[in-house]
Amino acid sequence: KAGVTQTPRYLIKTRGQQVTLSCSPISGHRSVSWYQQTPGQGLQFLFEYFSETQRNKGNFPGRFSGRQFSNSRSEMNVSTLELGDSALYLCASSLVTDIAETQYFGPGTRLLVL
Amino acid sequence: AQSVAQPEDQVNVAEGNPLTVKCTYSVSGNPYLFWYVQYPNRGLQFLLKYITGDNLVKGSYGFEAEFNKSQTSFHLKKPSALVSDSALYFCAVRAYSGGYQKVTFGTGTKLQVIP
């Protein structure tokens, strides 16, 4: 069974631009969560989607948004990029949006903002 | 507020020796506790979780963790360390807060197994 895939794996953008990251969950998984990992702030939860609806949200500004499609694939968008948005963005999928459900992570997209 | 503490930035252990990576947590409700491992330039890999039941949880690659409610701890252990266990380990807690699920990760502990 294929794992979680994220595209692109690496990305370089400049301040003020916007970026869209993509995540394809494990087949049959309907919940997709997004995380930001930085050396300074560590791992932080962005948001979770289940059945095309945002179910949970972390404490990030409105520049960070996401959506989920009917095939459970998810996209994350960051507008008006700032230097501090440079990070590894991780996507995780699980069967359902249950607090006890195991999440399976993708390899991440490394974003560098210049 | 929900929090997770991993008090050691780095743990060094000789190959073949037992290892422990510490984690303590603070939540207002019932905790759901997880351990993940991250290898360089890779995503997180699930090791084990505690939901309810036995306090000793067994996971992947010979790892186990002990849930201690009174000490609010969930330490990761392995009886005999391998060089290939060298990686970054994260403890995470999930709990309900204001009707929503909230997840908090620890800052990570780098495990170095010395041959």
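What follows draws every value from the coordinates through simple rules; no lab data is involved. These figures come from a predicted structure and were not determined experimentally. For neighbour counting, all protein chains shown are included, and Cβ atoms are generated from backbone atoms with ideal geometry for every residue, glycine included.
What the table below lists for this structure:
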read-out	value
Region B:31-49 and region A:34-111: distance between their alpha carbon centers, rounded to Å	16 Å
Gaussian network model of chain B, Cα within-10 Å springs - most flexible of B:F34, B:F63, B:F46	B:F46
Within straight-line cross-link reach of B:K110, aspartates and glutamates at Cα separation under 16 Å, skipping those fewer than 8 residues along the same chain	B:E8, B:D9, B:E15, B:D85
Trypsin sites (Lys or Arg not before Pro) restricted to region A:16-80 and DSSP loop, no more than 13 other C-beta within 10 Å	A:R63
Semi-axis lengths (Å, descending) of the ellipsoid that matches the C-alpha gyration tensor of chain A	23, 14, 13
Reachable lysines from B:K69, criterion Cα separation under 20 angstrom, eight or more residues apart if same chain	B:K22, B:K49, B:K58, B:K77, B:K102
Percentage relative contact order, chain B, counting C-alpha pairs under 8 Å, at least six apart	36 percent
Sparsely packed GluC sites (Glu not before Pro) within region A:1-83, loop by DSSP, other Cβ within 10 Å at most 13	A:E52, A:E82
